[in-house]
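Asks: One structure is given below, represented as structure tokens, and several questions about it will come after.
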Amino acid sequence: MEKYRFVQLDVFTNQPFAGNPLAVFPEAEGLSDEQMMKIAREMNLSETVFVLKPEGTANSQQQTVAIKQQTANGQEQTANSEQQKSESRGQSANDSAQTSEGKTQQVGAAFPQFEIRNPKFPLRRLRIFTPTREIPFAGHPIAGTWNALAREGIVPLPEGGNGWTRIHHEVGLGVLPVDIEFKDGVPVQVEMTQGKFEILAEIDDWQEQAEFARALGRNREDLDENLPIQVISTGLSSLVVPIRSLADLGTCRVNSSLLGELYTQRGATGCHAFSRETIEIGEARAHGRFFAPADNIAEDPATGSASGALGGYLVHHGASGIEPTEGRYKFVIEQGDFMHRPSRINLDVGGKPGAVEEVKVGGPAVIVARGEVYV
């Protein structure tokens, strides 16, 4: 039997056993689609991530043989990996630039060797699975995966080990940038740029609004009538339902079958109920609860993709409650407290009301477990 190692993290938190759990398989080459799906069901978390080489590198015989990274003194060195440490000590930086026709260095046992010829060349490809299906993009899996990979030496460190490094990765939406903040060589935050903010549909019929409220165990009068019920997206669609008060949000009693039917009929992947009342005073501007019963996720403790879309929604409707700084709105969305897994998701939205241009979502993660799966 083949064995594949995994790391489990709690994402959008600095504390173990809070935030949103995530399983990451850093070297998933060799797993079939069916095996990935079975493993995701076995892990039974809201998402499991399988890390692969970028597409287009597998069949190339002329690729250069090392990933190069810039060190503080500007020299090019081969990226760290466990196998590299054991097999390639003592080689010079120039050795790492040789092609497959000459002497080579291995960069991770499961990964074909390649060179970053362009700063936007994806460093890795991520495949993201819920317990029921593969999805093209999600927030907390990206934040957690790159926290884990940065700890393994895959990400180039900034000068002195402090500051930000930008890399690119490949997901179902395409190639997107990821920014990673380091302190003393340790990743402390991962910030992802999401897709374009879009409003896909609006629920403006009074009876339909009442039906959504009923599916959440609320009355229509509990909705925040200053904001619309809409299907929104920054890469993964969600149906956002504004609730008048934090108390009403906290006492939602979801009718899973009805809610799943309602949001899937409108092309959404889940329902994001939220209130502009928050638990904490300061940077927090909304408290959200995300329900995805159609994916066997009764409630998600931290949902980066939906929170990114919600951040865009709040700015689009002029409802963020803050003034921008140099055209950017920076605030926090709370989630998970009613599940006893408090999560804090950092939002950075560029643009203005009615014209959102960019949405970034970020946060920390902590490793809570390591293990192996036998296939």
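No lab work stands behind these numbers, since they all come straight from the coordinates. Values in this document were obtained by computation on a predicted structure and should not be read as measured data. Here the Cβ positions follow ideal geometry from the backbone for every residue, glycine too, while neighbour counts run over all protein chains shown.
Asks: For every other residue with a beta carbon closer than 12 angstrom to the beta carbon of residue 124, add +1 if it is Lys or Arg and -1 if Asp or Glu, then tell me the sum.
Replies: Result for the neighbourhood of residue 124: -2.
Asks: Would you give the gap between the C-alpha center of region 305-372 and the C-alpha center of region 194-234, rounded to a whole Å?
Replies: 19
Asks: OK, next. Checking the table 3/53; 183/330; 53/120; 183/360; 120/352; 38/120 against a 25 Å threshold on Cα-Cα, which pairs fail?
Replies: With Cα atoms farther than 25 Å apart: 120/352; 38/120.
Asks: Now, a different point. Using the 10 angstrom Cβ neighbour count as an exposure proxy, how do 326, 225, 283, 334 rank, fewest first?
Replies: 326, 225, 283, 334
Asks: With each pseudo-label sitting 7 Å past Cα toward Cβ, what's the residue 352-residue 281 distance in nm, one decimal?
Replies: Placing both labels 7 Å beyond Cα along the Cβ direction yields 3.2 nm.
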